[in-house]
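Every number here is computed from the coordinates shown, using simple stated rules; none is lab data. Quick caveat, the model's predicted, so the values are computed rather than measured. Here the Cβ positions follow ideal geometry from the backbone for every residue, glycine too, while neighbour counts run over all protein chains shown.
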Amino acid sequence: MHIRQALPEDATAIAAIYAHHVLHGTGTFEEEPPTPAEMRQRLSKVLERGWPWLVAEQSGVIAGYAYAAQFRDRPAYRFAGEDSIYVHPDHIGAGIGRALLDALMQASGQAGFQRMFAVIGDSGNLPSIRLHEHAGFEHCGKLDQAGFKFGRYLDVVFMQRVI
């Protein structure tokens, strides 16, 4: 596996990975998958601000991606990042999420973030919660029934870690 900076031409593969999670998972509360063009815009916005967006490649195929962006769009949050990690469904459980998170934490520190927050959709999303726990994140709160997807209410779990 090779982890590298994402490129605009990766947007189609990134959009396909994310589409699976939008349509089948509760880790994101989006309900309509963004187009590759929209993902390219999101990627550009992150990179233009000097924040990391990484992809994991296996045999030349993108198996997952991760990025960090400022936690909230206010100047006071400039040192606080929020991570996002998505793995292709064929590669879940292969350690790609952990490798991406480790690399993302290092790149986020280099980008100036001092603290990272994980905003995890669905308190039943144990793989994401465990991934963050193993990376040293601590639980710091939960919003009960904050979202509604697939006919049910979903919590949001907050976790944090100093970089």
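Here are the numbers:
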read-out: Label-point separation, residue 114 to residue 2 (7 Å along Cα→Cβ), nm; value: 3.7 nm
read-out: Highest-MSF residue in the chain out of 103, 63, 118 [GNM, Cα springs under 10 Å]; value: 103
read-out: The range 1-104: chymotrypsin sites (Phe, Trp or Tyr not before Pro) falling in loop per DSSP and having at most 13 other Cβ within 10 Å; value: 79
read-out: Residues 87, 61 arranged by fewest to most Cβ contacts within 10 Å; value: 61, 87
read-out: Cα centroid separation - the range 1-76 against the range 116-163, whole Å; value: 19 Å
read-out: Packing-based exposure ordering (other Cβ within 10 Å, fewest first) of 102, 10, 155; value: 102, 155, 10
read-out: Footprinting exposure proxy for 26, 12 (fewest neighbouring C-beta atoms within 10 Å first); value: 12, 26
read-out: Most mobile of 55, 119, 46 in a GNM of the chain (Cα contacts under 10 Å); value: 46
read-out: 5 angstrom amide H check on residue 6, placed H, neighbours 5+ away; value: 53, 54, 55
read-out: Per-selection metrics, the range 2-162 (Cα): Rg and Dmax in Å; value: 14.8, 41
read-out: Contact order relative to length of the chain, as percent, for alpha carbon pairs under 8 angstrom and 6 or more apart; value: 20 percent
read-out: Net charge dipole size for the chain [Lys, Arg +1 and Asp, Glu -1 on Cβ; Debye, nearest 20]; value: 420 debye
